[in-house]
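Below is one structure; the comments refer to it alone.
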Amino acid sequence: MNATAQWAAGEAARRRTFAVISHPDAGKSTLTEALALHAHAITEAGAVHGKAGRRGVASDWMEMEKARGISVTSAVLQFAHRGCVLNLLDTPGHADFSEDTYRVLAAVDCAVMLIDAAKGLEEQTRKLFDVCRHRRIPVITFVNKWDRPGREALELLDEIEREFGLRPTPVTWPVGIAGHLRGLVDVREPERMLRYTRAPGGSKEAVEEPVSADEAAFEEGADWEQAVEELELLQADGAGFDRESFLAGKSTPVFFGAAISNIGVRLLLDALVDYAPPPGPRELEGGGIRPVDAPFSGLVFKVQANMDPAHRDRIAFLRVCSGVFERGATVTRAASGKPFATKYAHSVFGQDRSMVDTAYPGDVVGLVNAAALRVGDTLYAGPPAVFPAMPTFAPEHFAVARPTDISRSKQFRRGIAQLDEEGVVQVLVSDVRGDQAPVLAAVGPMQFDVVAARMAGEFSAPVRLEPLPYHVARATDAQGAEALNGSRLARGEALTRIRDNAHLALFQDRWQANSFRRAFPDARLDPLLAAHQ
């Protein structure tokens, strides 16, 4: 192994790259802030719904996110803790933005699954866990909001095991029921309790005070006794943490706390250093692997425009998969085989960024004004490498977009093209409608709200969106498209997806799709596969 390969391998061992995933409103962005606070990357934690002068969260930087109190796009935060470099990818929880979240999961080595103490496992949590299982991503669980009324701890563990087939192995355990949190027990140090005093407003770290078991028993009485009994029950059941089982996706270490109050967050942060895997070999398209000590390679998993309103630039997020990334180096874009210069490279922290000269496996680099790059692109140096393509979701909502001011047609076309490149929506066209009336295809209707807000705010090209009656999309070919557009037997329409020139057949419902199939049995009509299938 040469010096550069050794350097890359050594730096990779210090990296932890993970995503925070959950159902909406479980507290992802709040936990992201709390982790950054405990790592001293920020001096004050923000709030999703800021009040009493508390600032907003660093990971929610879009105006729509600030206004609605939800994450609609993924964010990247990098910070150091205990000699390791942590790359944290905060993701949207709302199902309408699943595609963005699923793309991010192609770029991480571990996931923190957030569960609401009152609601338990919710629909979007289930879907995201399925993706983690499919991608063989180990999962750490954080049961959030234990400072509010909720369900019993043992009941939540049973639900995780019953529905996910994943063995929960508690690392921390609450003293006191949900809504009456008295402290936490680190099961590795059961002879004491950690008591927390929340900082005013919750913007600073909670004061953590160790209390002996005798003192906890005297002061907390029945709450302490119940916690001890539950831990003894779990230990008798063999629920201790096992790293091999965790990395194999058969068990999940479980932590309890309250992100809004910064309670239990330090223990989770330490676990990310101690338990989460460093970057490892990456599978290649068509077989084989790319080890971390191989020459440079990276995967573009996200493209975002206008993060800096003053410059109106475009940034491609690249996960370094192997070797050493060096700013200014010329590498190869696998899709075209052409050279690509990495002149403008930034390290990203939410909306803020700084120039980066080198990066290592697990790091996320922002390539600025990289107009040629698309989501799913592979960049490499040395022996060729192509990482598996990013799957596209089957859209279920469609709308025609038209500029409200025809004099802004140039800005309209530029904005629609940019949103298509970012994967905010899929853009479809036909000879009948023309490029002044593209059809936008979305997984969920809230994506259309993002389009309208960004077209008006970022591109100065307000749009009018006219819903179409279609809810089923199928892949077809030129012959199938011609048959559908000429048929009067099924209510549907065939269009072309701009990003890859694929033909899509749109129908009002499955009955209409089946009707067309019966009328044209030789026409291609294939399901569009989602990322988790």
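Among the strands (runs of 3 or more DSSP E) confined wholly to region 427-533, which include 2 or more residues that are under 30 Å from Q304 (Cα atoms) and open to solvent by 50 Å² or more (accessible area, probe 1.4 Å)?
463-467
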Contact list, first residue from region 163-190 and touching a residue at least 60 places away in the same chain (Cβ under 8 Å) and among the β-branched types (V, I, T), second anywhere and part of a loop (DSSP other than H, G, I, E, B) and crowded, with 21+ Cβ neighbours inside 10 Å, beta-carbon distance below 8 Å, six or more apart or interchain, is T172/G257; T172/G264
Search region 1-15 for residues that are buried (at least 21 other Cβ atoms within 10 Å of the Cβ) and pair each with any residue that is among the charged types (D, E, K, R) when their beta-carbon atoms are under 9 Å apart and the residues are at least 6 apart or on different chains. A8/D293; E11/D363; A12/D293; R15/D109; R15/D363
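Does A213 satisfy the condition of being under 34 Å from the mean Cα position of the chain (by Cα), among the small types (G, A, S) and open to solvent by less than 80 Å² (accessible area, probe 1.4 Å)? Even if it seems obvious, please write down each step before you answer.
Working: under 34 Å from the mean Cα position of the chain (by Cα): no; among the small types (G, A, S): yes; open to solvent by less than 80 Å² (accessible area, probe 1.4 Å): yes.
Spelling it out, it is not the case that A213 is under 34 Å from the mean Cα position of the chain (by Cα), among the small types (G, A, S) and open to solvent by less than 80 Å² (accessible area, probe 1.4 Å).
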Members of region 464-478 that are under 25 Å from A502 (Cα atoms) and touching a residue at least 40 places away in the same chain (Cβ under 8 Å): L465, E466, P467, L468, Y470, H471, V472, A473, R474, A475, T476, D477
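Does A294 satisfy the criteria of being open to solvent by less than 10 Å² (accessible area, probe 1.4 Å), hydrophobic (A, V, I, L, M, F, W, C), in a loop (DSSP other than H, G, I, E, B) and closer than 16 Å to E11 by Cα? Even if it seems obvious, please write down each step before you answer.
On the way: open to solvent by less than 10 Å² (accessible area, probe 1.4 Å): no; hydrophobic (A, V, I, L, M, F, W, C): yes; in a loop (DSSP other than H, G, I, E, B): yes; closer than 16 Å to E11 by Cα: yes.
Against the criterion (open to solvent by less than 10 Å² (accessible area, probe 1.4 Å), hydrophobic (A, V, I, L, M, F, W, C), in a loop (DSSP other than H, G, I, E, B) and closer than 16 Å to E11 by Cα), A294 does not qualify.
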Close pairs from region 509-524: first without any contact (Cβ under 8 Å) to a residue 40 or more places away in the chain, partner among the hydroxyl-bearing types (S, T, Y) and surrounded by 14 or more Cβ atoms within 10 Å (Cβ to Cβ), Cβ under 7 Å, at least 6 apart: F516/S487; A519/S487
Kindly indicate whether any position in region 177-199 is touching a helix residue (DSSP H, G or I) at 6+ places or on another chain (Cβ under 8 Å), at pLDDT 95 or above, more than 23 Å from T30 (Cβ to Cβ) and not hydrophobic (A, V, I, L, M, F, W, C). yes
Select from region 107-131 the residues that are open to solvent by less than 10 Å² (accessible area, probe 1.4 Å), in contact with a Pro (Cβ under 8 Å, 6 or more places away or on another chain) and modelled with pLDDT of 85 or more and list them in ascending order. C110, A111
Hey, can you tell me all the residues within region 378-412 that are within 18 Å of V108 (Cβ to Cβ) and either modelled with pLDDT of 85 or more or in contact with a Gly (Cβ under 7 Å, 6 or more places away or on another chain) (or both)? T378, F387, P388, A389, M390
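Being open to solvent by 30 Å² or more (accessible area, probe 1.4 Å), closer than 16 Å to P168 by Cβ and either touching a residue at least 40 places away in the same chain (Cβ under 8 Å) or part of a helix (DSSP H, G or I) (or both) is true for just one of G201, G249. Which residue is that?
Numbers: G201 fails: closer than 16 Å to P168 by Cβ.
It is G249.
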Quick check on region 397-424: of everything there that is within 24 Å of F340 (Cα to Cα) and of a type in the set (A, V, I, L, M), which residue is least open to solvent (accessible area, probe 1.4 Å)? L419
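Which strands (runs of 3 or more DSSP E) sit wholly inside region 323-396 and have at least 3 residues that are open to solvent by less than 10 Å² (accessible area, probe 1.4 Å)?
On the way: elements: 330-333, 338-341, 345-349, 352-355, 364-368, 378-380.
Because the criterion is at least 3 residues that are open to solvent by less than 10 Å² (accessible area, probe 1.4 Å), the strands (runs of 3 or more DSSP E) in region 323-396 that meet it are 364-368.
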Do any residues in region 120-132 that are part of a helix (DSSP H, G or I) have Cβ atoms under 6 Å from those of residues that are open to solvent by 30 Å² or more (accessible area, probe 1.4 Å) and of a type outside the set (G, A, S), where the two are at least six apart or on different chains, and which pairs are they? Q124/H23; T125/H23; D130/H532; V131/H532
In this structure, is V254 touching a residue at least 60 places away in the same chain (Cβ under 8 Å), surrounded by 13 or more Cβ atoms within 10 Å (Cβ to Cβ) and in contact with a strand residue (DSSP E or B) (Cβ under 6 Å, 6 or more places away or on another chain)? yes
Cβ pairs under 7 Å, 6+ apart or interchain, first in region 215-243 and over 12 Å from P190 (Cβ atoms), second aromatic (F, W, Y) and surrounded by 13 or more Cβ atoms within 10 Å (Cβ to Cβ), ordered by first then second residue, are A217/W224; R243/Y275
What pairs can you find where one residue is in region 270-282 and more than 15 Å from A12 (Cα to Cα) and among the small types (G, A, S), the other is part of a loop (DSSP other than H, G, I, E, B) and open to solvent by less than 20 Å² (accessible area, probe 1.4 Å), and their Cβ atoms are less than 8 Å apart, with a gap of 6+ or different chains? A271/V171
Condition (residue is open to solvent by 20 Å² or more (accessible area, probe 1.4 Å) and at pLDDT below 90) applied to region 134-155: is it met by at least one residue? yes
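The values are calculated or read from the model by the stated rules, or taken from the named source; none is laboratory data. Note that the coordinates shown come from a computational prediction; the quantities given were computed from them, not determined experimentally. When we count neighbours, we look across all protein chains shown, and the Cβ atoms used for this are built from the backbone with ideal geometry, even at glycine. Quick note on the areas: whole protein, heavy atoms, side chains included, nothing else; ligands and nucleic acids left out. Shrake-Rupley method; radii C 1.70, N 1.55, O 1.52, S 1.80 Å.
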